[in-house]
1. For the chain, take N as its residue count and report Rg(C-alpha) divided by 2.2 N^0.38 Å.
2. What is the order of 63, 273, fewest Cβ neighbours within 10 Å to most?
3. I'd like to know how region 264-381 sits against the 2.2 N^0.38 Å rule of thumb: what's its Cα Rg over that expected value?
4. When you count, for each residue, the other Cβ atoms within 10 Å and take the mean per peptide, how do 275-283, 210-218 rank with the highest first?
5. Have a look at region 2-166 and give its Rg and Dmax from the Cα atoms, expressed in angstrom.
6. Over the chain, what is the relative contact order in whole percent, taking alpha-carbon pairs under 8 Å and six or more residues apart?
7. In whole Å, how far is the Cα centre of region 37-93 from that of region 627-652?
8. For region 498-588, state the average projected area of the convex hull of the C-alpha atoms over all orientations, rounded to one decimal in nm².
């Protein structure tokens, strides 16, 4: 059972009425074909998210399949949410491997319904704006509960929410109790009138009370009778309504470093940040950033417990505080402050993405500039697999880099967009190469084609580097044909060929020329034109051999072997794939060793040489289990089942089919 809930807050009061209404609705919900849907609506700062989590904790035992949680603001690009991207995260939370996540949105919905059809789970969806964002995320089981938080009622839900609850401000007694829990200071009991004044200024907003509590704790020597009027007079003089008064006053009491970081944080790509990226954004070094974050936490303008309790160390400014920080940035920041911080962060991020890409995928042809370390911000603690002697440690380091890339995927795409808007074309091209390899492992990211289009636009805008034009157009072409846009993919490759004339005769230029020929061959294969594809792969291989690029030669040997198999020349395919497999092993290319070995085994089976195929399949199966890749494991089980059936081992074949079927069912696929 997966429970995606942070630690319970130390201070939470009231909301008994709203909680009781939900508990009663859960108890009365019977025999429905769709889950119970509860919406909690109200302005920012009312504690809707904490209320949703409280309800989930109370009901956990009644929903044994777990508690899932998604924040739609994490998926927002330009104000819009791609529900397919959200479904991918939910499927992975339901233990579906990324490789098994269906590529098309409709298929992904079907997969999600299959995984949730018999489930008893709670799903919390934060920061919804429209009903259309919610409907695709509803589990297929009527025994589940969905709790949605939104700033305003979602009146456009097709069937209406089963239970719509407006979360009001806290009553004065509850607000007073919360303030007392937050402060725990004898001054409150000694001066109830000042407490009453302070509580009323907070207007019943829990977020404001948290800030007020932090503010009172910071001034332990001042009596409330003097402290509260000073604060009230300052608010009245500024004429700022509501909770904004608190945040302005607290902000103005910050040190210059903490105030600077607060102004910079709302400009961070994708809205979430880590200690490392905040350090780069601030630009004053790790110790200064740590101190500033701790000061913001003490002031109630940030909650560090979110970072300390999360697996990936991510944190965010809550919505209303982010908006306030942005207003203070526009009002108080010297000209260029935010832009300088963002540019510094983008360059730091490019370097981190390049490192993670290299560690995860290994060295390869790169045309983008390589970005240097930032003196004021250390690199993310990822380790180079090449520096590990133990093969298991090398694989573990590679996996850690892949995981980091996946966790930072929204920052990756947002950074590329922000860099393009600022004409930072070198950064855009460098990031596009990371997007390219990330998308090969995670082909379901909706923004890949859009990001690669921006990279082409940056290369065209720069105009001075034909290597960029060739590379970005080839990258875009592949993802175009994979989404069915074959004609446009051909146009991109034609334009890349035109740019090729601007290249020189250096090794990288010749590698790039060979790469373009490979892409042409791959597009021929997409069209089923395997004769021309084989010709192109052979040309590319010869070019790689001429310049001594052993990896390129191995890859083209593999592709040529696949093409010969498609053409029906199994003996030629077997010879080529054997050569490619031996080359991959000699080069220590684990990923290509697996791919070439599996492809070779398939050809050997078709030739009836199962005695050679079986050990290759068995090694593929062991490798899949080591990597915990159910996708590859199921595929190898299918192949072994066919092999065993051909040898008359019917019981063994049945075992492999059952194993493959069980893996796919676990991942929500009908078999």
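1. Rounded to two decimals, the normalised Rg is 1.10.
2. Lowest count first: 63, 273.
3. Details: Rg = 15.3 Å, N = 118, 2.2 N^0.38 = 13.5 Å.
Against the empirical 2.2 N^0.38 Å value, I get 1.14 for region 264-381.
4. Peptide ranking by packing, descending: 275-283, 210-218.
5. Both quantities, over Cα of region 2-166: 15.1, 45 Å.
6. Relative contact order here is 10 percent.
7. Rounded to whole Å, the Cα centres lie 39 Å apart.
8. Values: hull surface 23.9 nm².
Approximately 6.0 nm², given one-decimal rounding.
The numbers here are math on the coordinates, done by the rules we state, and not lab data. Everything numeric here is computed off the predicted structure, so don't read it as measured data. Methodologically, a virtual Cβ is constructed for each residue, glycine included, from the backbone with ideal geometry; neighbour enumeration extends over all protein chains shown.
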